[in-house]
Amino acid sequence: MRTTVRKGLGGVAVALALTLSACGGDAGGAGADAVDGEVAGEVTLLTPIFEGDTGKQVLEEELLPQFYEEYPDVEVTIDYTDYGSLNEKLTTSIASGLTPDVMMMGVGWIEGFADKGVLQDLGEVGIDLGELEGEVAQEVLNAGIWEDKLYAVPTMLDTRFGIARKDILAEAGFDGPPSNWEELREYAIALTERDGSGKVTRAGLDIMTLDPRQMFEVFLFSNGGDLFNDEGTEPTFNSPEGVEALEFIVQLVREDKVEDIGFSSTDADTYPVINGRAAMMVGHNDVWIKVQDAAPEVADELVPFMINGTQEAMFHGGTLVTVANQSQNKAAATALLEFLTGPEASLAANEQRGNVPARAELLDSDYVQDNPMVQFAMENLDKAHPEGGVPEWLEVRGEFGSAIEAAILGQKTPQQALDDLAADAKAAMSR
């Protein structure tokens, strides 16, 4: 096995990648699908997970040897990256005609690449969507489906939901986490503490550690809203449900003052809910891993809860595995995809990152049962909502943060912020 990190071709625009079909497709492909009836040849894997020394060890020393036991005539070349660089990596690979045989992508990414012919319809290489529907929650499986065809299979999820400190709630006389928006606001106001100068010393509800786009989506989905209409022709995040969700967020910060702007950020070393600087947060399921490292003595005080407006909802992202449409070695590529999304490899990958397995059978694993945040996420996947939904999502998603921040800072009303964002989305969708 060889481990390779390719050099990029420079700042090729996303639009370029999505106007190209996957040409070439021979990056690592030996051109031989089988030898004496056995899957064989070379394939290249592009992965944003298994990063760092620990991740590489899991993939190269623990998982791939199992794959080679079943497919000894296959050679996998690994191209490591991270999610911050993945889009450019994919873009440059496709533009240069060196599309990796197997590519890992995020939720919301599949539509754009499938729409332009970059991805293989997995039904054509023997992966049965019907069988997967019995093994993976439909809400999760939908992230890999475009125009009723399966193009990607999930291997791990990362979810966003409410997290509270039971001890801090109890001190204020609350028996448990809030059950709806009204209680969420009431609790957040009551739990906020400030010093003599008026500076927040404990946020009642921390919403600033989480990426603003994902934070907004949690409230959007819990208020019955969607990012786009069912036909994928119009943005709907500026609907009354979306505006009301953003108004609620703005009210929490600007009127109720449950958290000061700048109190936390997405690159915070320690989540404020762990060190007691926040009583509650809208956060990531990896909080359990982080609390074990930072303050294991408070781990049992953390309790997850669903954000509930008109419905209980949580956001889910994640990593899906795809095969390049122009791969010259689809048999080996498909075998690698099935291995990486199977229960053993999925469990190992999720354990390494503290994420949520996509397969329902792993709910009973020791890893999930010992991690209450991951267990909570898996038990509530029927309430999980992904982002994306249209081919232009990768062009639109980066604008959400500035729009949400403009509303929180009072530079625009929630209606103006979302209407302006919707206009940008419509322009991208009409190109």
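Read-outs throughout are calculated quantities, based only on the coordinates presented, and are distinct from any laboratory measurement. This structure is a prediction, so every number in the text was calculated from the model and none was measured. FYI the Cβ positions are ideal-geometry reconstructions off the backbone, even for glycines, and counts take in every protein chain you see.
Numbers below:
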quantity: Nearest 10 degrees, 0 to 90: helix 83-96 Cα axis against the chain principal axis; calculated: 30
quantity: Span per principal axis, largest first, for the Cα atoms of segment 160-295 (Å); calculated: 48, 32, 29
quantity: For SER430, SER327, order by how many other beta-carbon atoms lie within 10 Å, fewest first; calculated: SER430, SER327
quantity: Under-5 Å amide H pairs with THR81, H placed in peptide plane, nonlocal only; calculated: THR47
quantity: Efficiency of FRET between GLN57 and TYR83 - r from beta-carbon atoms, R0 30 angstrom, step 0.05; calculated: 0.90
quantity: For GLU182, GLU51, GLU244, order by how many other beta-carbon atoms lie within 10 Å, fewest first; calculated: GLU182, GLU51, GLU244
quantity: Equivalent ellipsoid, the chain (semi-axes from 5 times Cα gyration tensor eigenvalues, Å); calculated: 39, 25, 18
quantity: Order of THR341, THR270, THR77, THR201 under a 10 Å beta carbon neighbour criterion, fewest first; calculated: THR201, THR270, THR77, THR341
quantity: Helical mean residue ellipticity (222 nm; -39500 (n - 2.57) per DSSP H run of 4+; nearest 500) of the chain; calculated: -10000 deg cm²/dmol
quantity: Using θ = phi - 60° and Karplus 6.51 cos²θ - 1.76 cosθ + 1.60, couplings along segment 265-278 (whole Hz; Gly, Pro as x); calculated: 7, 5, 9, 4, 5, 10, 4, x, 5, 7, 8, x, 7, 9
quantity: Square roots of five times the Cα gyration tensor eigenvalues for segment 254-337, Å; calculated: 37, 18, 14
quantity: Neighbour-limited loop hits for trypsin sites (Lys or Arg not before Pro), segment 167-264 (at most 12 other Cβ within 10 Å; DSSP other than H, G, I, E, B); calculated: LYS199
quantity: Most positive-pole-ward Cα, SER222, ASN180, ILE274, against dipole of segment 135-275 from beta carbon charges; calculated: ILE274
quantity: Distance in nm between pseudo-label sites at GLU399 and THR233 (7 Å out along the Cβ direction from Cα); calculated: 2.0
quantity: Helix 330-340 vs. the chain, principal-axis angle (Cα, 0 to 90°, nearest 10); calculated: 40
quantity: Relative contact order of the chain, defined on C-alpha pairs under 8 angstrom at six or more residues apart (%); calculated: 25
quantity: Label point at ASP267 placed 7 Å out along Cα→Cβ; residues across segment 82-109 whose backbone nitrogen lies under 14 Å; calculated: 84
quantity: In order through segment 365-373: 3J(HN,Hα) via Karplus (6.51 cos²θ - 1.76 cosθ + 1.60), integer Hz, x for Gly, Pro; calculated: 5, 4, 4, 5, 5, 8, 10, x, 6
quantity: Ratio Rg/Rh, restricted to segment 108-218 and using Cα atoms, in which Rh is the Kirkwood radius; calculated: 1.20
quantity: Cβ-based net charge around ILE163, under 14 Å, with every Lys or Arg adding one and every Asp or Glu removing one; calculated: -1
quantity: Cα centre as origin, Lys/Arg/Asp/Glu Cβ charges: the chain dipole, Debye; calculated: 1480
quantity: For segment 286-416, radius of gyration divided by Kirkwood radius, i.e. Rg to Rh on alpha-carbons; calculated: 1.05
quantity: In degrees, nearest ten, helix 414-430 long axis to first principal axis of the chain (Cα); calculated: 10
